[in-house]
Ligand code: FEO
């Protein structure tokens, strides 16, 4: 990816990662992800956020800096907004090329730098309100943004250009091509990034939603012309759009979310699956959008994103050896970890010789603050009465969801 000027003396230098790896070793990124670093040049030069040695990202960084006539040893300051290795992993490689560079980070980041990279020298700790004058009118302001995404995180703001370097906040999955700004892409591409922003939020940031709100509030006095995150698009035409999107996603944690329903299902021999259509018919009869995800066939990353923005959830799974169908247990575990709270929910599913899934479902969801409707459960093959009950329950859920979201 070619370096791109954001403003006089400020450049985006990004590397696309699209090698089939999982993000955080966990989340599929079939359309990749970008690692965004930023160069700010006054009399002194600062690099904001580094990269991991991943898919040759440091080589890209080196090449693009070189095109700007900047070699690694000309960088005076390395600003680490966040210590997660996607932004710091190449630390020792960088310091080999530039041992005199001063590293700027928060107090909570200092021990992480030491334990991950053995670096203790030439480190400057900053806190909210501290500034760094680079000369030629470029001045950086630091604002702590704890838990967006790790506890040590901060954002950096360049005063003259009003660019906010927000690290993980306001980021998304998805590689960048030559178009890196929000005003350079069409509606279809915007829809793609919106989808990947939601999935990134649900996978990476969701557990910290209350901190997202606090961070956005703490930036309210900054006049922001450009938002430059460490993953995904740079927002210069409408930075308010990505702030509003993040605020909305964070608010979903308290419910209700959108007037939509996510159905997650798994089936062993087709008996649970046979009811799926009836549930969906019931939901659709109320004109409520429904998102359907099968486990284990599809990675839970996608169900997590749908569930995050849905007010209603349906879990369909049979009993498996007196308990839940195992892939659903993993999904519910993720939902608890990621705080998929305050949903209206019911479960459907079959059993062979004895039930048990519902009992485990009740226990596993105790901490989710979900509001339950009666389950639809049966032995063996589903009768027409069960189909009708499933349609009815789908309809009831859809009505409840509309009511919760302020509709009919
Ligand atoms: Fe992109 Fe939390 O690191």
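Of the residues making up the range 145-156, those that are out of contact with any helix residue (DSSP H, G or I) (no Cβ under 8 Å at 6 or more places or on another chain) and in a strand (DSSP E or B) are 154, 156.
Determine whether residue 85 is more than 15 Å from the ligand (Cβ to nearest atom), farther than 20 Å from residue 228 by Cβ, in the same structural domain as residue 148 (by TED's automatic domain parsing) and surrounded by fewer than 21 Cβ atoms within 10 Å (Cβ to Cβ).
Working: more than 15 Å from the ligand (Cβ to nearest atom): no; farther than 20 Å from residue 228 by Cβ: yes; in the same structural domain as residue 148 (by TED's automatic domain parsing): yes; surrounded by fewer than 21 Cβ atoms within 10 Å (Cβ to Cβ): yes.
So residue 85 fails the test.
Of all the numbered requirements in (1) at pLDDT below 95; (2) closer than 30 Å to residue 332 by Cβ; (3) away from the ligand (no atom under 16 Å from the Cβ), residue 210 misses one, and that requirement is (1).
Every residue, every condition in (1) within 16 Å of the ligand (Cβ to nearest atom); (2) touching a strand residue (DSSP E or B) at 6+ places or on another chain (Cβ under 9 Å); (3) in contact (Cβ under 8 Å) with a residue 12 or more places away in the chain; (4) outside the structural domain of residue 48 (by TED's automatic domain parsing), yes or no:
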site: 120; (1), (2), (3), (4): no, no, no, no
site: 123; (1), (2), (3), (4): no, yes, yes, no
site: 129; (1), (2), (3), (4): no, yes, yes, no
site: 137; (1), (2), (3), (4): no, no, yes, no
site: 141; (1), (2), (3), (4): no, yes, yes, no
site: 154; (1), (2), (3), (4): yes, yes, yes, no
site: 162; (1), (2), (3), (4): no, yes, yes, no
site: 167; (1), (2), (3), (4): yes, yes, yes, no
site: 173; (1), (2), (3), (4): yes, yes, yes, no
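Identification of strands (runs of 3 or more DSSP E) wholly contained in the range 214-303 with 1 or more residues that are modelled with pLDDT of 95 or more and within 16 Å of the ligand (Cβ to nearest atom) yields 226-229.
The condition (being closer than 22 Å to residue 163 by Cβ and crowded, with 24+ Cβ neighbours inside 10 Å) is satisfied by just one residue among 218, 310, 230: 230.
When you look at residue 178, is it at pLDDT below 95, in the same structural domain as residue 86 (by TED's automatic domain parsing) and either more than 14 Å from residue 242 (Cβ to Cβ) or in contact with a strand residue (DSSP E or B) (Cβ under 9 Å, 6 or more places away or on another chain) (or both), yes or no? Before the answer, list the steps.
Numbers: at pLDDT below 95: yes; in the same structural domain as residue 86 (by TED's automatic domain parsing): yes; either more than 14 Å from residue 242 (Cβ to Cβ) or in contact with a strand residue (DSSP E or B) (Cβ under 9 Å, 6 or more places away or on another chain) (or both): yes.
So residue 178 passes the test.
The values are calculated or read from the model by the stated rules, or taken from the named source; none is laboratory data. None of the values given here were measured: they were computed from a predicted structure. Neighbour counts run over all protein chains shown; Cβ positions are idealised from the backbone, glycine included.
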